[in-house]
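What follows is a single structure, written as structure tokens, with notes after it.
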Amino acid sequence: MATVRNMLSQRLMVLASLRAVSTSCADTFPKQVKIVEVGARDGLQNEKTIVPTPIKIKLIDMLSEAGLPVIEATSFVSPKWVPQMADNAEVLKGIRKFPGISYPVLTPNIKGFQAAVAKKMYSMGCYEISLGDTIGVGTPGVMKDMLSAVMREVPVAALAVHCHDTYGQALANTLMALQMGVSVVDSSVAGLGGCPYAQGASGNLATEDLVYMLSGLGIHTGVNLQKLLEAGAFICQALNRKTCSKVAQATCKL
Amino acid sequence: MGNVPSAVKHCLSYQQLLREHLWIGDSVAGALDPAQETSQSSGLPEYVKIVEVGPRDGLQNEKVIVPTDTKIEFINQLSQTGLSVIEVTSFVSSRWVPQVAAGATEIAVFGAASESFSKKNINCSIEESMEKFEEVVKSARHMNIPARGYVSCALGCPYEGNITPQKVTEVSKRLYGMGCYEISLGDTIGVGTPGSMKRMLENVMKEIPPSALAVHCHDTYGQALANILVALQMGINVVDSAVSGLGGCPYAKGASGNVATEDLIYMLNGLGLNTGVNLYKVMEAGDFICKAVNKTTNSKVAQASFNA
């Protein structure tokens, strides 16, 4: 059964005036990081090309085969606002549900977005709060400040970060979050999904680049990078666009 | 583009947001909002020197040959940005006298932490290269011309793969000992990650003070800013970068190369670190050179800002 996962868009620039606490390098990172793959939802939602249902299903199946533990499959929103997600029921029915992998579905309540804060969401029963740098303006110091504030109210084990790469800061911000003990990170295969607020700008952090960093740090993710690269190549071909993943670009033989 | 409800589009003035809350508009000669007094209490260096390698390292690896007056205009634009060090060109020969005659006030020598890379890149072993550099650096110092030492393959080699931190330390110590005022440690093929950066720096810093070290990270695998962040956390305060992320990686066709100066400055400004550099002006110089070499910028900040 699909799990409900709400997202809080924290506007990081609101905290820009807080003084930063020490950003000294933590000697220990979490041993394991759970990657929440949002490419099929957040990614495709922000692509101009509408992707046919069978292609979506195949992408999600390829992501499952790559070993991603959480794959956001679709969202239940009005097709008027988000036409790319109009086939949500069909997608959920069509994908292979691998044991051990969860396929959450986004069910935002527009009013809830504006009103809720992390503490409220947590106390209302959300098992995890994903803190999103929606327009990618955050930098590591501000990420640290924001997390320090949230962690006073919500245990770090219940937190995730969702960094956009609009200004190239996503991986550095994610690293800072890991140093603070966050062990759940949202990302999107091939960095799918642009930023709707800045035409031409990039959006999500590319899962391939995230996995590369985590592997280098010796952090376990359970994800097979090779298979992930294949899934990324597949969807980019279907969307007729270039990948936003640097790892994919480097390993691509032109 | 995207599915932004029109109500949101009207009440969110994106340009205003950039001006008020980001550091792009505030960054006149690096001056920051007084509330951003973060660096002292944050364990990060107060000031970071950016070494702009676009005109040399960047253009060297671009397919389009840029005419001399375009290069001059490009460098002149960069000189207006506040950047204190701009790598201008290279004289690839062991006879360095022409550089001095041409008006060079600083020189650089390029070593490597990998024997294979050294042989393939400069046609001699590490030991042989050190002997040649010693001669060059000593003469330069006699003429009061400072010499900077570069160590390539500090985090990995395209031929040998893994490089031990001990080897990097050995080569860096040689260069420092012969009189190089600063050693730039280069992740030549961009394979490093924050953990390998930390291990390498820990080893090198046993022999060389952090104030004499710089990092030169390539963004081939998207790791550059994360690696730079770790270096800053360890006390390094000199970072090499290239405007627009000029220069591909010669070892992986289609891959990206240098980290973009704009994206680096964005991060440093956000961290409250002083650089003395005007981000807007760097973006303009980047726009200029990209048009000249007919390529799209590799800087995410530029992509986000010029298209907004």
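Rounded to 0.05, the FRET efficiency of the B:Ser139 and B:Lys295 pair, given R0 = 45 Å and the Cβ-Cβ distance, is 0.70. Each peptide in A:57-68, A:34-45 gets a packing score, the mean of other Cβ atoms within 10 Å over its residues, and the list from highest to lowest is A:34-45, A:57-68.
Modelled spin labels at A:Glu90 and B:Val64, positioned 7 Å past Cα toward Cβ, are 4.4 nm from each other. Residues whose amide H falls under 5 Å from that of B:Ala112, counting only those 5 or more places apart or on a different chain, are B:Ser152, with hydrogens built in the peptide plane.
The residues A:Glu128, A:Glu72, when put in order of fewest to most other Cβ atoms within 10 Å, stand as A:Glu128, A:Glu72. Here the 3J(HN,Hα) profile of the stretch B:187-198, calculated from phi with Karplus coefficients 6.51, -1.76 and 1.60 at θ = phi - 60°, is 8, 4, 10, x, 7, x, 10, x, x, 5, 4, 4 Hz, Gly and Pro shown as x. Distances between placed amide hydrogens fall under 5 Å for B:His218 paired with B:Asp187, B:Gly190, all partners being 5 or more residues away or on another chain. Averaged over the residues of A:136-144, the number of partner chain Cβ atoms lying within 10 Å of the residue Cβ comes to 6.
Which of the aspartates and glutamates could be linked to A:Lys242 by a straight reach, that is with a Cα gap under 18 Å, when you skip same-chain ones fewer than 8 residues away? In chain and number order, the partners are A:Asp42, A:Glu47, A:Asp165, A:Glu208, A:Asp209, A:Glu230, B:Asp219. The mean count of C-beta atoms from other chains within 10 Å of the C-beta of residues in A:238-246, rounded to a whole number, is 2.
For B:His218, A:His162, the sequence from fewest to most other C-beta atoms within 10 Å is A:His162, B:His218.
Backbone geometry of the stretch B:229-241 corresponds, through the Karplus equation with coefficients 6.51, -1.76 and 1.60 at θ = phi - 60°, to 3J(HN,Hα) couplings of 4, 4, 4, 4, 4, 8, x, 6, 10, 10, 10, 8, 7 Hz, x marking Gly and Pro.
Pairs exceeding a 26 Å alpha-carbon distance, out of B:Lys119/B:Lys295; B:Lys167/B:Lys295; A:Lys93/A:Lys227: B:Lys119/B:Lys295; B:Lys167/B:Lys295. Legend: mean number of C-beta atoms from other chains within 10 angstrom of residue C-beta atoms, peptide B:212-225, equals 5. For B:Val51, the residues whose amide H sits under 5 Å from its own are B:Val239, B:Asp240, B:Ser241, ignoring neighbours fewer than 5 places away on the same chain, with H placed 1.01 Å from N. Fewest-first ordering of A:Met143, B:Met283, B:Met205 by other beta carbons within 10 Å of each residue's beta carbon gives B:Met205, B:Met283, A:Met143. Given their separation in residues at 0.36 nm each and the Cα-Cα distance between them, B:Glu131 and B:Thr89 gain 12.8 nm when the chain is fully extended. Couplings 3J(HN,Hα) of the stretch B:169-175, computed from phi: 5, 4, 5, 4, 5, 4, 5 Hz, in residue order, whole Hz [Karplus 6.51 cos²θ - 1.76 cosθ + 1.60, θ = phi - 60°; x for Gly and Pro].
Since every read-out is calculated from the coordinates, none of them should be taken as a lab result. For clarity, every value in this text was computed on a predicted model and none was experimentally measured. Neighbour counts are summed over all protein chains in view; Cβ atoms, including those assigned to glycine, are modelled from backbone coordinates with ideal geometry.
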